[in-house]
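Novice: Handing you this structure, nothing more for now.
Nothing in this text is a laboratory measurement; each read-out follows from the coordinates by a stated rule. Everything quoted here is computed from the prediction, not taken from an experiment. Cβ sites come from the backbone with ideal geometry, for glycine too, and all protein chains shown count toward neighbours.
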Ligand SMILES: [Zn+2]
C-alpha cells in the first residue's frame, strides 16, 4: 500500500526525510518496498494559459497554440490533443524539459510550424494509465483556473509528495490504512497523533422508513448501512483526486471516490449502491444460491458459488460482498440515492471468493487480513458526511444494522520478568510502560505485572508473545544485545550416516565427478526409468507443468537431463554424480519411503584432452573402476561383485552389471541403452546408481594394520586361450580356489581377442603373486601351486596355456 | 737416481698427467697405467729387494703414500669429470616448464552443497545436531503444527504441491521443528539442531523463482533462550558466510510459527550500503527469517511453553549463493551446466 507522506503529516508533526522515515518503518514495523516522489526525474514543466489558438494549415487535427507561460513573450506550441481549447490552464513542457519516461522535449517543427515545447496529458508526465481519470484519458490535462502561469505544475497535482510503499505482512492489516500507519509512526517517534473524527449532520428522514437490512451472522458479523438522498454525482475536488491517484486509485466520481478515500484513511472497505436501482427496500448479506450469477463492476459475469457471500436485494444479487459491487447497482451520473455499506465480512470466506473468481480487490485484501471491528461505524459516518459535503446529499437519520458486536479492548497480562527473559534485555518497568503508552495501549502495573488493554485497531494482539514483539520493535532490535545460547552443554557431531554421505561425496569428487543437484520432480516416464525396485509412482495432484509431475524413483534420469542440457550447449565431456533421495511407494502407502541413493553419469571423456593427453571416450571399465574405488572407500565387509544383467531395460543389454556387496545387491551400472540415449538426446553415456542407504546399513570392517611382509613375493605369469563365454570372474575364482595358501593376488594384465586368436576365443594373461608372510617361499612351493592352477584351468575351462 | 726420487718423480708426473684427462676412459687408462700391476710404481717396488733393511721400510711407506695420493687425485678427478658430464646431461634434459600440465580429473561439490556444509560445520561447532526430514511431508507437520491451520491466509504465501489432501511436497524445512520437538527428551538437555534440505513450491521457474530450492532450518529450545541469543547467532551466521565487514539488521516480520518474528538483512554486496538497484536503494539485502518459537507451536509439539522456549530460523542457501557469487538466475543451480558447476571449485 502506498502511503502519502503529505497525508501522514496532516495528522502528525513530523518532518524527517522520507527515506529516513521509511528506514524507521522498516526497522520497527513493516517492510518498505520503495519511496517514490512522482516529480522525480521531471524538469521544466510549468503552468501555461492558452491565449489563442488556430488550426494548423497542413493538418486537420493539429492546432497552433499561443501559450502564456508567465514570460513576456507567448510560446507557440503545436498541439494535437482533441480537447485543447482557448482559455485552458495546461501543463507545458518547455524546450529543454524532461517529461515521463525520461523523454527530453526540444524545440521542433511540426509540419513546417515551429513548436516550442509540448502541452501534456497526465500520462505524458508519468501518470500510470490506470489512475488517470476517464475525463482526461484521451487528451491533455486542464489545471484549475487559479494555477499561476509559469509555476511548476508539481504542487498543483500532488507530485511533490513522497509515496512510501508498504509491504504489509499478513498480521499487520492495520497498517493498510493511513490512520493505522499514523498510529504506528506516532509510537515509533513518540509523537501525538491529531486525528479528525466525523461530525455528521443528519437529515429528518428516518432511514428505517426506506431501508431494512439483514445479514448472515457467520458471513457478516457486523453489517451497517446509511442512506444518502438527493446526491449530485460529479467529479471529486482535486485534493481528493490527488490522494487517490497517489495511492494508485483512479478517481471516478464524488461518491465512489469517497468510498475509496475512506478505505485508505480508515482501512474500512465501504461500498456504495445506487439505491434507485435496488428492487424493494430490503438489502441482505447472504450466501449465494445455486445458479445465481452476478456481473461485477468490471463487466465480468461470475457464476456464483453457494460459499460466496452476496449482497442482494429482494430479487437478485447486487454485489459480491467484500470484493466488488454489481454492475446492476453501480453509481452513475444520474444516481440520486446512495446506500452506503460498512461491514465486516468473514475473512476466510472472502479470501476463497477472491481466489475462486480471481478477483483480488483492495476491499478483498483488507477483509482477508481483517479490519478494525471498532472502526466500522466511524468510517460509515465519515463517508456519509463526505458525500453530504461533496455531493450535497441529505443523510437519513440513523443507520440500519443487521449484525453488530460489542467492541471491547483485549486485555493481556505480562510480567516484566517475562519480557526480559524472552528478549534477553534488562528493561525497567518505566521503559516498558512508556513503550505501551507510546502505542496508545492502556497499561497498569502491579508488582511485576503489566495489564495491557489493546484497542480494537490492533486486532493482531492476543497473547504475551504479541506484547513482547511490540516491546521489541518499539524498543528497537538494534538495541537488543547480541549473545549466544548458554545453558547445558551439547555435543555437535555428524551421525555415522551423515559422515558416510559426506565421505561419499568427497570420494566421488576425488575420483573426478562433480556434484549435480537435479530436479526431483520429473515427468512420469523419466521418474520411472532405471528403477531398482518395483514401486508405484508418487504424483503431484496439481502439477505446474508436464515436465514436473512425478517424484523420481531414480537419480539417473536427472543426470541424463543434465547431460542433455550440456550436450545441447556443445559441452560433451560431462562427469556428474548426484547424492539424493528416490521415492518408493507400495499400493497401500500414501507417503513414499525416501531412500538415499548415489548415482553417476559420464559422457564423453573423464580426462580432458590436452597436448599430452589423447581424447579417450569413457567406457564401462573406467566407470567400473570408479564404482569399485568408491565402494572400497567405505570399508564394507565382504567382496564387491559385478554380474552381467539384462533386467534393466534402460541399459545396453550387453553392457550392464548388477553390483553386489557381500552377496547383497546394492545397485547397477552400465551403458545407457542407445534408444534411451536417443530420447534424451545425449551421446553415449555410462551410468551407475547405488542404494546408498543399503551401504550405510551394512557392517563396516574394523580397519586393522596388515603386517607388511619382510619376505619377498614371487610372481608367475600365465597366458591362456579360452572360450569367450568363460568370464574373467570365473577364471579368477578358479585360480583363487586352486592357488594354495600362499597365493596373494591375481592380476589381469592383458586381454586380447582378434585376428591372432581363433574366433570365439580370447587370450587372457594373469600375473599370480605368491607370498608367505612368515618365511621365504621356495621356488618349489610356488611351482607346485602354479601347476595346480594350470591343470585346473585346463580341466575346468578347457583353456590352452600359451 | 734413488728409488725415493724416482717415486717423487712418478708422483709429480702422475699428478700432472691427471690434469689433462677429461674423459672417463682416459682417466681409467691412466689409473691402470699408474697403479696397475705393470705400472711404474710396481716396478719401483720390485727394486726394493736391493735396498738395505734400514731403507726398506722408509721407501716402502713412501711408496704407499705415493700410491694413496695418486688414488686420491684420481678419485677427485673422476668426481670432477662425473660432475661435468652430469651437468651436460642435465642441460640436455631441459624442458619447457611453461607447457601445460597433464589435466587431472577433479570433481567438486555443488556450490549450494558448499554453503550447506559451511553452515553445518559452523553449527556443529556450537553443539547443534544436524537432522534431516522427509521431503514428502504430512500437511500436519508442514502446516498445522507450524501454527498454520487449514484456511490460514499465510498458506497462500506458499503455493504447495499436494500429493493428496494430507500429503504434500514440503514447502519449508520447518516441519522438522515439530518432528524434533515431539521426540526430544528435554530432561536430557536442550534441543539445538539445524536441518538442511530440499523444499518445493508451486512456482513457475524463472530467474528468481524455482519450484525446488534449499532451506536450512535452525531450532534451539531450552529453559532460557532469548531474542538476544537469536540476534547473536544470526550475526554469527552472516559473518561466517559473508564476512565480518557485513552489518546485520533485524526487522519485524511475520511467520505464523514464530512470535516475535524478524527478518535479517545484511549490508548490500553491490553498493556496500550506499543504496543501489540491487538493494532497491535501501543498502540492505534480506537474507533470512527467524523468530522466537510461537507458544502454539510448542504446545502442539507437546512442549510446556511456560517452561521452555527458544528461537527458530530458516535460511536459503540458494539465495545465499546468488548473493555471495552474484548468480543472476536461480535455475543455474539445477541445470548442472558443467561450465557453471566448475566455477566453484575453490576450496579456500
Ligand atoms: Zn545496494
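Novice: Averaged over its residues, how many other protein chain Cβ atoms are within 10 Å of peptide A:756-765's Cβ atoms?
Specialist: 0
Novice: To make sure I understand, if each residue's beta carbon is the centre and we count other beta carbons within 10 Å, what order do A:389, B:120 fall in, fewest to most?
Specialist: Ascending Cβ contact count within 10 Å gives the list A:389, B:120.
Novice: Among B:226, A:778, A:645, rank each residue by its count of other Cβ atoms within 10 Å, from fewest to most, as a rough exposure measure.
Specialist: Starting with the residue having the fewest Cβ neighbours, the order is A:778, A:645, B:226.
Novice: Go ahead and collect, in residue order, the members of region A:126-150 whose backbone nitrogen is under 16 Å from a label point 7 Å along the Cα-Cβ direction of residue A:83.
Specialist: A:126-145
Novice: Grab the Cα-Cα distance for residue B:276 and residue B:140, subtract it from 0.36 nm times how many residues apart they are, and report the gain in nm with one decimal.
Specialist: The span from residue B:276 to residue B:140 would gain 44.8 nm if fully extended.
Novice: Please tell me the relative contact order of region A:575-696 in percent, rounded to the nearest whole number, where contacts are Cα pairs under 8 Å and at least six residues apart.
Specialist: Relative contact order of region A:575-696: 25 percent.
Novice: Another question about this same structure. Measure of size requested: the Rg and Dmax of region B:120-275, with Cα atoms as the atom set and Å as the unit; please supply both.
Specialist: 16.8, 49
Novice: Further question on the same structure: For the pair residue A:752/residue A:589, report the inter-label distance in nm, with labels modelled 7 Å from Cα in the Cβ direction.
Specialist: 5.3 nm
Novice: Using only the C-alpha atoms of region A:1-101, find the volume of their convex hull and express it per residue in Å³.
Specialist: Measuring per residue, one finds 175 Å³ for the Cα hull of region A:1-101.
Novice: Sketch the reach of a paramagnetic label on residue A:633 as a point 7 Å from Cα along Cα-to-Cβ, and name the residues of region A:481-521 whose backbone nitrogen lies under 11 Å away.
Specialist: A:501-514
Novice: Another question about this same structure. Based solely on its DSSP helices, what 222 nm [θ] is calculated for chain B when runs of n ≥ 4 H residues each add -39,500 (n - 2.57) and the sum is averaged over all residues, nearest 500 deg cm²/dmol?
Specialist: -12500 deg cm²/dmol
Novice: Hey, any idea what Rg/Rh is for region B:219-299, computing Rh the Kirkwood way over Cα pairs?
Specialist: My calculation of the ratio gives 1.04.
Novice: Obtain the nm distance between the two label points defined at residue A:707 and residue A:411 by a simple spin-label model: each point lies 7 Å from its Cα along the Cα-to-C-beta direction.
Specialist: Distance between label points: 8.7 nm.
Novice: A further question follows. Given the convex hull of the Cα atoms of chain B, what is a quarter of its surface area in nm²?
Specialist: Mean orientational projected area (chain B, Cα hull): 35.2 nm².
Novice: While we're looking at this one, here's another question. For residue A:497 and residue A:719, compute 0.36 nm times the residue count separating them, minus their Cα-Cα distance, and round to one decimal in nm.
Specialist: 75.4 nm
Novice: Looking at region B:111-344, what % of its DSSP beta bridges pair antiparallel, to the nearest 5?
Specialist: 95 percent
Novice: Would you calculate a helix-derived [θ] at 222 nm for chain A, using -39,500 (n - 2.57) for each DSSP H run of n ≥ 4 and dividing by the full residue count, to the nearest 500?
Specialist: The helix contribution divided over chain A gives -7500 deg cm²/dmol.
Novice: Could you list B:161, A:770 so that the one with the fewest beta carbons within 10 Å of its beta carbon is first and the one with the most is last?
Specialist: Ordered by Cβ neighbours within 10 Å, fewest first: A:770, B:161.
Novice: So how do A:119-128, A:537-546 stack up, highest first, on mean other-Cβ count within 10 Å?
Specialist: A:119-128, A:537-546
Novice: Another question about this same structure. Classify region A:207-403: rounded, prolate or oblate, from the alpha-carbon gyration tensor (a ≥ b ≥ c, eigenvalue square roots; a/c under 1.5 rounded; otherwise prolate if a/b is larger than b/c)?
Specialist: rounded
Novice: State whether region A:588-716 is rounded, prolate or oblate according to the following rule on the C-alpha gyration tensor (a ≥ b ≥ c being the square roots of its eigenvalues): a/c under 1.5 gives rounded; otherwise a/b larger than b/c gives prolate, and the remaining case gives oblate.
Specialist: Verdict is oblate for region A:588-716.
Novice: Relative to a virtual label point 7 Å from the Cα of residue A:608 in the Cα→beta-carbon direction, which members of region B:323-348 show backbone nitrogen distances below 16 Å?
Specialist: What the label zone holds, given the 16 Å backbone N cut-off, is B:337-347.
Novice: Before anything else, pin down the relative contact order of region A:207-403: Cα pairs under 8 Å, at least 6 apart, normalised by residue count, whole percent.
Specialist: 36 percent
Novice: Right, next: Given labels modelled 7 Å from the Cα in the Cβ direction, how far is it in nm from residue B:126 to residue A:61?
Specialist: 6.7 nm
Novice: Classify region A:43-143 from the C-alpha gyration tensor, please: rounded if a/c falls under 1.5, else prolate or oblate depending on whether a/b exceeds b/c.
Specialist: Since a/c stays below 1.5, the shape of region A:43-143 is classed as rounded.
Novice: While we're here: Based on the Cβ-Cβ distance of residue B:162 and residue A:621, what FRET efficiency does E = 1/(1 + (r/R0)^6) give at R0 = 51 Å, to the nearest 0.05?
Specialist: Rounded to the nearest 0.05, the efficiency is 0.65.
Novice: So how far, in whole Å, is the C-alpha centre of region A:350-404 from the one of region B:118-147?
Specialist: Here the answer is 44 Å between Cα centres.
Novice: Residue A:98 to residue A:298: FRET efficiency via 1/(1 + (r/R0)^6), r the Cβ-Cβ distance, R0 35 Å, to the nearest 0.05?
Specialist: Efficiency for this residue pair is about 0.50.
Novice: Quick one: compute the contact order of chain A, relative version, from alpha carbon pairs under 8 angstrom and 6+ residues apart, as a percent.
Specialist: With pairs under 8 Å counted, the relative contact order is 8 percent.
Novice: Report the calculated FRET efficiency for residue B:224 and residue A:783 (r = Cβ-Cβ distance, R0 = 60 Å), to the nearest 0.05.
Specialist: After rounding to 0.05, the efficiency reads 0.15.
Novice: Count the DSSP beta bridges whose two residues both fall in the protein assembly as shown, then state the antiparallel fraction as a percent rounded to the nearest 5.
Specialist: 95 percent
Novice: Based on the Cα atoms of the protein assembly as shown, what semi-axes does the equivalent ellipsoid have, where each is the square root of 5 times one gyration tensor eigenvalue, given in whole Å with the largest first?
Specialist: For the protein assembly as shown, the semi-axes come out at 85, 40, 33 Å.
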